Amino acid sequence: MKTLYMVIPCYNEEEVLKDTAKELKNKLEDLISKKKINKKSKIMFVNDGSKDRTWDIICELTKEDNIFAGLKLSRNRGHQNALLAGLMYAKDKCDIAISMDADLQDDINVIDEMIEQNNLGIDIVYGVRSSRKKDSFFKRFTAQSFYKLMKLLDVDIVYNHADFRLMSKRSLEALSEFKEVNLFLRGLVPLLGFKSSKVYYERNKRLKGVSKYPLKKMLSFAFDGITSFSVKPLRMILGLGFIILIGSIFIMIYSIVVKFLGQTVDGWTFIMLSIWFIGGVQMVSIGVIGEYIGKMYNETKQRPRYIIEEVVDNNEKDN
Ligand code: UDP
Ligand code: MG
């Protein structure tokens, strides 16, 4: 029997945490009683620098029951870093880890199937949403555009899979070899290789509380995802440069012809437009290049991705 660690990043989740803890505890106890996982299995909450009572609640839970464990980051580092912190802690303690969000949007009933797949020798099992019917139109639209864009840019990610997945110990160890600071786990995990499979589930609405991913964070997440994994934007600039170069040859011919026809003064509008257009294109291009340089800047500094302030993980049952 394997030891399972559930890894749940939490940022200001005081409203939902107790419900989540209860549901997950029931699930894990059920799995333990069915002998699908062993008694050392745990639910680990990673407090990502919450400003509310989240950490207090996690501490209370760990006191009540050893099935809960808590990890406290020294400050808010964002969903991906919090998740990584939890997974990296869990990898030394568990045989398999399942990551999911604190709001129970993912269906915990597919955990059984994930474990079964793992028992068949599969290292990574992706939880994939079968539909997005319960999402708002806006979230659905932005999310789907994101996946399409990623595909266009040749980034290998699993369609409609968020961070609900099972990973084996060895895949976690492989993941720990990736030192990048611009973390985008959904892009990294498929890079690990290993045997993988998918389980499908219906994603629910957030149980309580509000989304911690406002539009600004969502856009920056999508942008990070693209620029961390694809250099295609750089190549696109080159393509754009060529197109403009070819365009400018036509304009050159046009200008000369117009000059000989003696109508040069009329060209004012055209020159104004050209200056502005090329100026715009150049600025966008420099911006995109700058984005990658910024990424390199962050990577070369090799700052730690998270700092753990406190761990609560009681091993032996008290009685
Ligand atoms: N989260 C986190 N740090 C952050 C933002 C979010 O750990 O800075 C956690 C959050 O508590 C939740 C998960 O990441 O468990 C996903 O967030 P949320 O459910 O708000 O995102 P959505 O489902 O709306 O995309
Ligand atoms: Mg959510």
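Observations on the model:
- The set of residues in region 38-48 that are surrounded by 21 or more Cβ atoms within 10 Å (Cβ to Cβ) and of a type outside the set (S, T, N, Q) comprises LYS42, ILE43, MET44, PHE45, VAL46, ASP48.
- Applying the criterion of being buried (at least 20 other Cβ atoms within 10 Å of the Cβ) and over 21 Å from ARG53 (Cβ atoms) to the residues of region 63-82, the residue that is nearest to ligand 2 (Cβ to nearest atom) is GLN80.
- Positions within region 34-56 being more than 9 Å from CYS10 (Cα to Cα) and either away from ligand 1 (no atom under 16 Å from the Cβ) or part of a loop (DSSP other than H, G, I, E, B) (or both), in sequence order: LYS34, LYS35, LYS36, ILE37, ASN38, LYS39, LYS40, SER41, LYS42, LYS51, ASP52, ARG53
- Region 117-132, residues that are crowded, with 16+ Cβ neighbours inside 10 Å and part of a loop (DSSP other than H, G, I, E, B): ILE122, ASP123, ARG132
- Of the criteria (1) within 16 Å of ligand 1 (Cβ to nearest atom); (2) without any contact (Cβ under 8 Å) to a residue 24 or more places away in the chain, which one ASP92 fails: (1)
- Pair list, Cβ < 9 Å and 6+ apart or interchain, from region 174-194 residues that are under 16 Å from MET88 (Cβ atoms) and open to solvent by less than 30 Å² (accessible area, probe 1.4 Å) to residues that are hydroxyl-bearing (Ser, Thr, Tyr) and not in a helix (DSSP H, G or I): LEU185/SER99; VAL189/TYR126; VAL189/SER196
- Hits in region 112-133 - residues which are in contact with a strand residue (DSSP E or B) (Cβ under 6 Å, 6 or more places away or on another chain) and away from ligand 2 (no atom under 16 Å from the Cβ): GLU113, MET114, GLN117, ASN118, ILE122, ASP123, ILE124, VAL125, TYR126, SER130
- Pick from region 63-80, criterion assigned to a loop (DSSP other than H, G, I, E, B) and charged (D, E, K, R), ranking: nearest to GLU29 (Cα to Cα): ASP65
- Just one of the numbered conditions (1) open to solvent by 100 Å² or more (accessible area, probe 1.4 Å); (2) within 16 Å of ligand 2 (Cβ to nearest atom); (3) free of Cβ contacts under 8 Å to residues at least 40 places away in the same chain is not true of LYS205: (3).
- If you check LEU83, LEU104 for being within 13 Å of ligand 1 (Cβ to nearest atom), touching a helix residue (DSSP H, G or I) at 6+ places or on another chain (Cβ under 9 Å) and in a helix (DSSP H, G or I), only one passes: LEU83.
- For SER136, the requirement of being in contact with an Asp or Glu (Cβ under 7 Å, 6 or more places away or on another chain) and open to solvent by less than 70 Å² (accessible area, probe 1.4 Å) is not met.
- Lone unmet requirement of (1) more than 16 Å from ligand 2 (Cβ to nearest atom); (2) open to solvent by 30 Å² or more (accessible area, probe 1.4 Å); (3) touching a Phe, Trp or Tyr at 6+ places or on another chain (Cβ under 8 Å) for CYS94: (2)
- Looking only at region 1-33, and only at residues there that are polar (S, T, N, Q), open to solvent by 10 Å² or more (accessible area, probe 1.4 Å) and in a helix (DSSP H, G or I), the one that is nearest to ALA82 (Cα to Cα): ASN26
- Looking across region 147-166, the residues that are assigned to a loop (DSSP other than H, G, I, E, B), open to solvent by 20 Å² or more (accessible area, probe 1.4 Å) and more than 18 Å from GLU202 (Cβ to Cβ) come down to ASP154, ASP156, ILE157.
- Pair list, Cβ < 7 Å and 6+ apart or interchain, from region 24-50 residues that are within 16 Å of ligand 2 (Cβ to nearest atom) to residues that are in a helix (DSSP H, G or I) and not hydrophobic (A, V, I, L, M, F, W, C): VAL46/GLY86
- Residue selected from region 99-111 under the condition within 16 Å of ligand 2 (Cβ to nearest atom) and closer than 24 Å to SER176 by Cα, by the criterion most open to solvent (accessible area, probe 1.4 Å): ASP101
Results for (1) modelled with pLDDT under 80; (2) in a helix (DSSP H, G or I); (3) open to solvent by less than 100 Å² (accessible area, probe 1.4 Å), shown as yes or no for each residue.
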residue	(1), (2), (3)
SER248	yes, yes, yes
ILE253	no, yes, yes
LYS259	yes, yes, no
GLY262	yes, no, yes
THR269	yes, yes, yes
PHE277	yes, yes, no
VAL281	yes, yes, yes
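The values are calculated or read from the model by the stated rules, or taken from the named source; none is laboratory data. Since the model is a prediction, treat every value here as computed from it, not as a measurement. Glycine also receives a Cβ, built like all others from the backbone with ideal geometry; neighbour counts cover every protein chain displayed. Quick note on the areas: whole protein, heavy atoms, side chains included, nothing else; ligands and nucleic acids left out. Shrake-Rupley method; radii C 1.70, N 1.55, O 1.52, S 1.80 Å.
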